[in-house]
Amino acid sequence: MAILVTGGAGYIGSVAVDDLKARGEDVVVVDNLVYGHREAIDADIPFYQGNIGDRDLLDRIFAEHDIESCMHFSAYAYVGESVEEPKKYFDNNYVQTLALLDALLANGVKRFVFSSTCASFGEPQYLPIDESHPQSPTNPYGWTKFMVERTLSAYQAAYGLDFVVLRYFNAAGATARRGEDHSPETHLIPLALFAASGRIPHVSIFGDDYDTPDGTAIRDYIHVSDLSSAHMAALDHLRAGKNPEFINLGNGNGYSVKEVIRTAERVTQRPIKAVIAPRRAGDPSKLVANAAKAREILGWQPQLPTLEAIIESAWSWHNANTAGYSGSDRK
Ligand code: UDP
């Protein structure tokens, strides 16, 4: 029996694939490689290149493998781009996911672990954000994830599709083998590290007039390995026949953009030039998780909760892979 991992060539999916493999699970990856990297999947993992909405491809995968569960990572995840090109996001993240769900149900797969996001909450009404916080996304990216969440509830009631929805706060950091290599890179931590290494002249601070102590936006950064370990626990949860759940994943500590840049300067021991720029459309001011439920229901325990450890791991990966995956011969 195998786990179908969509987006397994992506940043978080590739770490989960490594962890599944280390547990001795059979894994099958489907990824269209629009943003993912073929080099991020070991050669011995069955890999299919294509879209999750391609029913012929999905049926071929089901014919060739005995799939028992699906971890669905694949999505476009640029908040700013989603505001400018919502069509792209609603199609890829929502319509294609509906097609994936159709294929899973048609093939009798009823365990689904879904990568959702803190962006599904929108501007917080209170902090830290627990699972019962109202959801009112401030950008199309968040809407697409929220719509899948609602769909899963309806499909669970109507078709018995069991799920765990994991709402990531800000994924960051790297393992020894896998790291963040987006093109274009838009995320704060890699850009701060690029500025530290001289690859870019400066990092922009998107807005310093938020209602926060230093005026810059606050996020809860979580190590990619800790996100992955929650997926392993979610799979165990589903296999044990437990209830569908919505679960927030963060460390419960909020750091401002300026604090992230200062921490990156400390970790890298290099100065990082920062330039104040306008706010980015769609960005909430503060997002910090209450992850008590993840600990309680999944027995989840983050291993790298500090911002220093997260940035250190990212810095090691960047130094070992200065050109990202394209410059690597890692297999
Ligand atoms: N950010 C920034 N400069 C950048 C990239 C991001 O100031 O070059 C800010 C962004 O506005 C947000 C925070 O850093 O408040 C984290 O953004 P990122 O894109 O890393 O993750 P997101 O919160 O969009 O998932």
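Bear in mind these aren't lab numbers, they're just calculated from the coordinates by the rules spelled out. What you see is a predicted model, and the numbers here were worked out from it, not measured in a lab. A quick note on method: Cβ atoms are made from the backbone with ideal geometry, for glycine too, and the neighbour counts reach across all protein chains shown.
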Simple spin-label estimate for His202/Asn243, 7 Å along Cα→Cβ, in nm, reads 5.2
Note to self: C-alpha centroids of the stretch 8-33 and the stretch 248-304 sit apart, in Å, by 25
Cα extents of the stretch 97-141 along the principal axes, largest first, in whole Å, come to 41, 20, 13
So the compactness index of the stretch 271-331, its C-alpha Rg divided by 2.2 N^0.38 Å, takes the value 1.65
Note, Val79: beta-carbon cut-off 9 Å, +1 each Lys/Arg, -1 each Asp/Glu, net -1
Semi-axes (Å, rounded, descending) of the ellipsoid equivalent to the stretch 50-106 per its C-alpha gyration tensor are 26, 10, 9
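Take the eigenvalues of the Cα gyration tensor for the stretch 197-331, scale each by 5, and report the square roots as semi-axes in whole Å, largest first. Before the final figure, lay out each step's value.
Details: eigenvalues 182, 96, 32 Å².
Whole-Å semi-axes of the equivalent ellipsoid: 30, 22, 13.
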Simple SL model, points at 7 angstrom along Cα→Cβ for Glu64 and Leu33; separation in nm is 1.4
For Lys273, counting only lysines whose alpha-carbon sits under 21 Å away and dropping same-chain residues fewer than eight positions off, the answer is Lys258
Over all directions, the stretch 103-235 yields a Cα convex hull whose mean projected area in nm² is 10.7
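If you wrap the chain's Cα atoms in a convex hull and average its projection over all directions, what's the area in nm²? Provide the component values of the computation, followed by the final result.
Numbers: hull surface 61.1 nm².
Spelled out: convex hull of the Cα atoms, projected over all directions, averaged, 15.3 nm².
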Here the relative contact order (percent) of the chain, from C-alpha pairs under 8 Å and at least 6 apart, is 20
Simple SL model, points at 7 angstrom along Cα→Cβ for Ala309 and Gln125; separation in nm is 3.4
Straight-line reach check, Lys242, cutoff 25 Å on alpha carbons, 8 or more apart in-chain or any other chain, hits among lysines -> Lys21, Lys110, Lys145, Lys293
Taking N as the number of residues in the stretch 1-107, the ratio of its alpha carbon radius of gyration to 2.2 N^0.38 Å works out to 1.04
